[in-house]
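First the structure, in the form of structure tokens, and then the observations on it.
The values are calculated or read from the model by the stated rules, or taken from the named source; none is laboratory data. Note that this is a predicted model, so its numbers are computed, not measured. Heads up, the Cβs are rebuilt from the backbone with ideal geometry, glycines too, and the neighbour counts pull from every protein chain shown. Only protein heavy atoms, including side chains, enter the accessible area calculation; ligands, DNA and RNA are left aside. Shrake-Rupley method; radii C 1.70, N 1.55, O 1.52, S 1.80 Å.
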Amino acid sequence: MEAEVLEAAASPEAGAALSPRQLFESSGVKSVLTQLDAELVGLAPVKGRIRDIAALLLVDKLRAQQGLNSQPPSLHMCFTGNPGTGKTTVALRMAEVLKQLGYVRKGHLVAVTRDDLVGQFIGHTAPKTREVLKKAMGGVLFIDEAYYLYRPENERDYGQEAIEILLQVMENQREDIVVILAGYKDRMQTFFGSNPGMASRIAHHIDFPDYDEAELLRIAQLMLQKLHYRLDDEAEEAFARYIALRRLQPHFANARSIRNALDRIRLRHATRLFDSDTPLQPDDLVTLEAADVLASRVFSTSATADT
Ligand SMILES: Nc1ncnc2c1ncn2[C@@H]1O[C@H](COP(=O)(O)OP(=O)(O)O)[C@@H](O)[C@H]1O
Ligand SMILES: [Mg+2]
């Protein structure tokens, strides 16, 4: 009698013997979350929410194994925040988590905007939207600036047609596709206000805050480290000043502006080395200097461009 119970517990079908922590580690979810943590500076609230969702899904899986509540959870999400706050990057990681836990088959991410879904002429929108959905099946459909799908100022805007098809698929095929809507918070709220059908299908809302100056500097260092560059002490000080100025200028896009600024600094660094007559030391190839930073137009008072 007792032996029988033990045998049953040891049989392969009784995988439920794993503790949540063991499942967390063996499923690969832990490694995706660790990578997310290492790859992204700051964003503590966002990382916490992703972890919560992962925990919910994991426990849900364990419950399903025990025959408890087998209804698939609603996983459609909304990521709000300014440009360059990490929404696309986190969506990619979310897709991996969903794949590791078996909530989507493939775990790829298809990123689109209105123009990929909505046609210019009558009859073009439905095939376009369905084509995108077909590509995204088994993974995540990421719709950037999703509120552009709804244009109430045009009496019969084709965006409405795309929204209706999306709603159907979000409801009926939710075991095989997860939709993430992304964009500015205020516009997304207005969009949900006029599209209650969409609002009611979004289970998770995650807000991405702007980065502060210290976080932007750490992001720069992380990006440079990956590229095998470094700022020397004076360059770092110059770049901290760059960040403080750039943040207040138009079209500032958080981490994306940092990435762009570093591209231009590397360009100036290369030009400086190229123009130099002294023999190169290996360290010269790696070290960015203050001059490479200070040549930016951001330091001239009239600057408004993203340079
Ligand atoms: N917290 C962060 N730490 C490091 N890099 C970041 C961070 N947030 C964003 N990035 C980088 O900045 C760039 C823009 O991020 P992205 O995810 O495209 O932002 P969004 O989709 O919100 O516009 C990407 O190269 C990304 O890797
Ligand atoms: Mg993006």
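Quick grid of which residues meet (1) closer than 18 Å to THR125 by Cβ; (2) more than 20 Å from the chain's Cα centre (by Cα):
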site	(1), (2)
ARG151	yes, yes
VAL178	no, no
MET188	no, no
PRO196	no, yes
ILE219	no, no
GLN225	no, yes
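Here's the yes/no breakdown for (1) among the small types (Gly, Ala, Ser); (2) away from ligand 2 (no atom under 13 Å from the Cβ); (3) part of a loop (DSSP other than H, G, I, E, B):
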| site | (1), (2), (3) |
| --- | --- |
| LEU62 | no, yes, no |
| GLY67 | yes, yes, yes |
| PRO72 | no, yes, yes |
| LEU75 | no, yes, yes |
| CYS78 | no, yes, no |
| PRO83 | no, no, yes |
| THR89 | no, no, no |
| GLY102 | yes, yes, yes |
| ARG105 | no, yes, yes |
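Could you grab me the full set of residues in the stretch 224-254 that are in contact with a Ser or Thr (Cβ under 7 Å, 6 or more places away or on another chain) and either free of Cβ contacts under 8 Å to residues at least 40 places away in the same chain or assigned to a helix (DSSP H, G or I) (or both)?
Selection gives TYR242, ARG246, ASN254.
Would you pick out the residues in the stretch 39-70 that are over 30 Å from LEU217 (Cα atoms) and of a type in the set (D, E, K, R)?
If the condition is that a residue be over 30 Å from LEU217 (Cα atoms) and of a type in the set (D, E, K, R), then ASP60, LYS61, ARG63 are the ones that fit.
Considering each of SER200, SER257 in turn, give the residue that is of a type in the set (Ser, Thr, Tyr) and either open to solvent by 30 Å² or more (accessible area, probe 1.4 Å) or more than 16 Å from ligand 2 (Cβ to nearest atom) (or both).
Criteria check complete, one pass: SER200.
For the stretch 153-169, does any single residue satisfy the condition of being within 16 Å of ligand 1 (Cβ to nearest atom) and assigned by TED's automatic domain parsing to the domain that holds LEU33?
no
Can you tell me which residue within the stretch 64-120, out of those that are of a type in the set (D, E, K, R) and within 13 Å of ligand 1 (Cβ to nearest atom), is most open to solvent (accessible area, probe 1.4 Å)?
For the stretch 64-120, the residue satisfying everything is ARG93.
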